[in-house]
Amino acid sequence: MKLHKPEPHWSGAKPPVIEKSQIPKHVAVVMDGNGRWAKNKGLVRTEGHRAGEAPLFDMVEGAIEIGVKELSAYAFSTENWKRSPEEVKFLMGFNKEVLRRRRDQMNELGVRIRWIGQEKKLWSSVVDELLEAEELTSKNKVLTLNMCVNYGGRAEIVSAAEALARDFKRGKVSKFDEKSFTKYLELPSDVDLFLRSSGEQRLSNFLPWQSAYAELVFMDVLWPDADRRTLWKAIEEYASRNRRFGKA
Ligand code: FPP
């Protein structure tokens, strides 16, 4: 299959010119502010989520254009089950619909979709859709899009600790260190840039282990108003910072 190039942004905007070593490999995005966006417009909250689809997939195209290799999107957290039954139902159905509608486009762009999250409680129809998208795109190499659905960072760490302890007891691993532990996480790759929209300055249990050395960039834009230019602006901020990883 011939790879498609990302569509240019409608505004004609081009990615900023940044040296390759200054481009984050892995970007984590918290897509926050959908509810407030809807409220400002006198709409129901779920309309905010609906308007949140386009920014994510525009960012995927912008990430490819600028050379990001991995994008992790927080689509539904293990805490989101506490929302109203109507909103939970909408988000489950919408995840399913978006995956089905977007998987061919992602495949043509060379995007590998991966599901990161727990199976417990998640609608089986959503799991099926995630697995299908994973299978269809499993060989793609341009960018990995981690769809974090029913994801919680602490739960991920506890499961990894359990699995490592089990293997340690069986003698399958002999070392208990950061490197061996990381292999047991669902998502082992370090986050370079952690981006959150809507002005809130929290991690909200999103990839806490992986983000230990991430640069945190909080943008004031509400998620439905974001697009690839928001990502590029955050990358410019990232590139201007001096990452020392504890060194002097
Ligand atoms: C946070 O905004 C957003 C979510 C909990 C859902 C994320 C879903 C999307 C961005 C829709 C895109 C859909 C898919 C399937 C990728 P919020 O509801 O907490 O907003 P608020 O803080 O203003 O209330």
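Take the range 182-192 and flag every residue that is in a loop (DSSP other than H, G, I, E, B) and touching a Pro at 6+ places or on another chain (Cβ under 9 Å).
Of everything in the range 182-192, those that are in a loop (DSSP other than H, G, I, E, B) and touching a Pro at 6+ places or on another chain (Cβ under 9 Å) turn out to be V191, D192.
Residues checked against (1) touching a residue at least 24 places away in the same chain (Cβ under 8 Å); (2) assigned to a loop (DSSP other than H, G, I, E, B); (3) in contact with a His (Cβ under 6 Å, 6 or more places away or on another chain):
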{"position": "L130", "(1), (2), (3)": "yes, no, no"}
{"position": "L136", "(1), (2), (3)": "yes, no, no"}
{"position": "N140", "(1), (2), (3)": "yes, yes, no"}
{"position": "L145", "(1), (2), (3)": "yes, no, no"}
{"position": "V149", "(1), (2), (3)": "yes, no, no"}
{"position": "V158", "(1), (2), (3)": "no, no, no"}
{"position": "D167", "(1), (2), (3)": "no, no, no"}
{"position": "V173", "(1), (2), (3)": "no, yes, no"}
{"position": "S180", "(1), (2), (3)": "no, no, no"}
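Being open to solvent by 40 Å² or more (accessible area, probe 1.4 Å), farther than 30 Å from G110 by Cα and either more than 17 Å from the chain's Cα centre (by Cα) or aromatic (F, W, Y) (or both) narrows it down to one of R154, R166, so name that one.
Answer to the check: R166.
If you take the residues of the range 107-143 that are hydroxyl-bearing (S, T, Y) and surrounded by fewer than 19 Cβ atoms within 10 Å (Cβ to Cβ), which of them is farthest from the ligand (Cβ to nearest atom)?
Step one: of the range 107-143, the residues hydroxyl-bearing (S, T, Y) are 124-125, 137-138.
Right, trim to surrounded by fewer than 19 Cβ atoms within 10 Å (Cβ to Cβ) and you get 124-125, 138.
Numbers: S124: 17, S125: 14, S138: 20 Å.
That would be S138.
So, in the range 198-248, exactly how many residues are under 17 Å from S77 (Cα atoms) and of a type in the set (V, I, T)?
Adding up the residues that qualify gives 0.
Just checking, which of L216, L195 is in contact with a strand residue (DSSP E or B) (Cβ under 7 Å, 6 or more places away or on another chain), in a strand (DSSP E or B) and open to solvent by 30 Å² or more (accessible area, probe 1.4 Å)?
L216
Would you confirm, using the coordinates I've provided, whether A226 is away from the ligand (no atom under 16 Å from the Cβ), crowded, with 16+ Cβ neighbours inside 10 Å and touching a residue at least 40 places away in the same chain (Cβ under 8 Å)?
For A226, the condition - away from the ligand (no atom under 16 Å from the Cβ), crowded, with 16+ Cβ neighbours inside 10 Å and touching a residue at least 40 places away in the same chain (Cβ under 8 Å) - is not met.
The values are calculated or read from the model by the stated rules, or taken from the named source; none is laboratory data. Predicted, not measured: the structure shown is a model, and the values here were computed from it. Cβ: placed from backbone, ideal geometry, glycine included. Neighbour counts: every protein chain shown. Side chains are part of the model used for accessible areas, which takes the heavy atoms of the whole protein and leaves out ligands, DNA and RNA. Shrake-Rupley method; radii C 1.70, N 1.55, O 1.52, S 1.80 Å.
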